[in-house]
Structures are given as structure tokens and as C-alpha cells.
Amino acid sequence: MSKQKVLLAGATGYLGRYIAQELSLFNYFEAKLIVRDKHKVKFDYPNIEIVEAEVTRAETLVHLFDDVDVVISSIGITRQKDGLTYMDVDYQANVNLINEAKANGVRKFIYISVLNGDKLRQLKICEAKEKLGDYLKSSGLDYCIIRPNGFFSDMGDFLNMAKSGTVYLFGDGKLSLNPIHGEDLAKVCIDAINSDIKEINVGGPDLLSQNAIAELAFKAYSKPIKIRHLPDWIRRLALWTMRTFTSSKTYGPIEFFMTTMVMDMQAPQYGKHKLEDFFNEEAKKGLA
Ligand SMILES: NC(=O)c1ccc[n+]([C@@H]2O[C@H](COP(=O)([O-])OP(=O)(O)OC[C@H]3O[C@@H](n4cnc5c(N)ncnc54)[C@H](OP(=O)(O)O)[C@@H]3O)[C@@H](O)[C@H]2O)c1
């Protein structure tokens, strides 16, 4: 049987790096990565082809999809400061990939969205990601939309606050979430290649309250636990102020964080990586 050719867009990111690693482990996949800067690829697998292109500019993608069977996209704005909006990247860049996939007879498109995005369409990031999901569903391609909970890489705010001595939470801190490690999520993405499931909600193995996450962060730095619970009106005022006086490029990521912090963010539990281990490793790096 010939190898399935998988094209991955987003390999320079936190999740994409693990997907690329995972692809390289299986000799029944042939992997190709689209990145905008080859120097940002932090691994070297001889069996993976790497090409440079600008996913936001459709014309740079032509001819890159020859013989591709499956596309995986983890393209999206997290902390990038390119002056682009979620509509430019999370929506339009992924539309460009879908169009090129269609034009080249690609079988399946796997897209990384976000947990509860369908319930949070009023937020700028979810508006773009859900619009993309709608576009993908009506594209005629086979597809899978993966909706993960927050990544371990996004729990750094807890670590930073703990390092500086106090963790600030909105409300009583009892709401829970199960963040997921990139390696565990990468396995979900790879399994989706040959599965019929169209939408997957997924989080890490441990459901933790925000207070418990804060405590793990203090433990990682061997610091005394000091959590301040702020009243919700401060959060609402901050959100209103940002939406009124800054652009969506500035308030978008904060809007998402501040909204999900007052929601139970629980997803089906999966994987083996523990947040405690991740925090301990990150704190060790920070202390070195
Ligand atoms: N982080 C979380 O907690 C979380 C939770 C749920 C869902 N998600 C979603 O999962 C996906 C992957 O997240 P991640 O944490 O791995 O993000 P990340 O580390 O920021 O990686 C995002 C990828 O998208 C690329 N990208 C962003 N803007 C681009 C642009 N203008 N032109 C070309 N490429 C661009 C980045 O390329 P460069 O390296 O060149 O910038 C990178 O390869 C995102 O769509 C995110 O919204 C994330």
C-alpha cells in the first residue's frame, strides 16, 4: 500500500511541532510541512519535506498540494503580533488551504478549532474559527474539526503569576478545566486521519479547578500559596474597556481568556501528560 501524504500547516507552533514529530514516527505517512520561515522549525527529520509559503496569500500555495491525501491545519493567531486579525488568519488563511486542497483532489481536511467555540461565536476568535468550520463543512471535502481545551502552553499565565507571588482569579476559583499537552493532542490529530468522526471535543486526563492549577504553579516554584479571588465586575469592566478603547487585535486573545475563565471548560478526558510535570519542567527552566 502506498504511503498517505499528509500536508501540515502550522508546524512552527506549539501543537504543530508535536504533530510533525508524531507523523515522522509512522512510516505509513509521508509528511510535508508548509511554514513561513524554515528557520523556525525546531527539529530535523530527514523524512519530512519542508516548504516555505505564506498561507495568508493564496497564490503562494499553488503547486504545493500535488499528491496530498490529507491536510492538517493548526494555523491560527495565539500570540503572534503581525497586525493581522483572526479573520485574516484563522478564517481566510485556512480558507486558502481548503480551496487549494479542493482544487487538488485532497481527500480530507483536519482543522484545529477550540472547545466551546460554537457557544462563543460572539468572541472575535470564535467568530473566525466557527465561520471557517462552516466553510469546511460545506466544502465537499471529508473533514474533522478538533475542538481542544486549553493547551499546557497556555497555562503559562498561572506560572508567571505564581512566580511573582500572587495568582489572581475571577470568582471563587472552583470552575474546572482539563488542559491538554501538545503531544497528547497530536495523537488525536493523527488518529483523525483515518477515522470517520467529524467533530472531536478533547482535553487532558486531569480535570482541575482553577484553584488547583494555581496551587500546582506555586508548588512548581516552591512558593507559598497566595490566591486572590477578584469580583466579576472587575472582569466585566476590563472587558468593556478593552472592547471600547482598543482594536480586536489587542483585545481578542484577552477577551477569550477572560470569558473562558468564568466557564466550566470540561472536555472528554484523554492522554497521559500531567500539568504538574509540565509546570515543574517550566519552572526548572525559569530557575536555571
Ligand atoms: N493554545 C491554546 O491553548 C489553544 C487551545 C485551543 C485551540 N487552539 C488552537 O490550536 C491552533 C494551534 O495553537 P498553538 O498553540 O499551537 O498556536 P501557535 O503555537 O501560535 O502556532 C500557530 C501556528 O500558526 C502559524 N501562523 C499564525 N499566524 C500566521 C500568519 N499570519 N501567517 C502564517 N502562519 C501563521 C504560526 O506560524 P509562525 O510560527 O510563523 O508564527 C504557527 O505555525 C490554533 O488555531 C489555536 O487557536 C489553541
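Look at (1) touching a strand residue (DSSP E or B) at 6+ places or on another chain (Cβ under 8 Å); (2) more than 9 Å from the ligand (Cβ to nearest atom) and you find that D37 fails only one, number (2). The residues on offer are N96, N149, and the sole one that is closer than 15 Å to I34 by Cβ, within 16 Å of the ligand (Cβ to nearest atom), at pLDDT 95 or above and not aromatic (F, W, Y) is N96. Residue by residue through the range 214-237, note down the ones that are part of a helix (DSSP H, G or I) and either of a type in the set (A, V, I, L, M, F, W, C) or touching a residue at least 40 places away in the same chain (Cβ under 8 Å) (or both). Scanning the range 214-237 gives A214, L216, A217, F218, K219, A220, D232, W233, I234, R235, L237.
Comparison of S164, S139 shows that the only residue that is more than 10 Å from the ligand (Cβ to nearest atom), surrounded by fewer than 18 Cβ atoms within 10 Å (Cβ to Cβ) and more than 30 Å from R235 (Cα to Cα) is S139. Any chance the range 182-193 includes a residue that's at pLDDT 95 or above, of a type in the set (V, I, T), more than 15 Å from the chain's Cα centre (by Cα) and farther than 21 Å from E22 by Cβ? Checked the range 182-193: no residue is at pLDDT 95 or above, of a type in the set (V, I, T), more than 15 Å from the chain's Cα centre (by Cα) and farther than 21 Å from E22 by Cβ.
From the list L15, L84, exactly one residue is surrounded by fewer than 18 Cβ atoms within 10 Å (Cβ to Cβ) and either within 12 Å of the ligand (Cβ to nearest atom) or among the polar types (S, T, N, Q) (or both). Which is it?
Details: L15 fails: surrounded by fewer than 18 Cβ atoms within 10 Å (Cβ to Cβ).
Among L15, L84, only L84 is surrounded by fewer than 18 Cβ atoms within 10 Å (Cβ to Cβ) and either within 12 Å of the ligand (Cβ to nearest atom) or among the polar types (S, T, N, Q) (or both).
Within the bounds of the range 41-59, is there any residue that is crowded, with 19+ Cβ neighbours inside 10 Å, modelled with pLDDT of 95 or more and in contact with a Gly (Cβ under 7 Å, 6 or more places away or on another chain)? For the range 41-59, residues crowded, with 19+ Cβ neighbours inside 10 Å, modelled with pLDDT of 95 or more and in contact with a Gly (Cβ under 7 Å, 6 or more places away or on another chain): absent.
The values are calculated or read from the model by the stated rules, or taken from the named source; none is laboratory data. Computed from a predicted structure; not experimentally measured. Cβ coordinates were reconstructed from backbone atoms using ideal geometry, including for glycine residues, and neighbour counts include every protein chain displayed.
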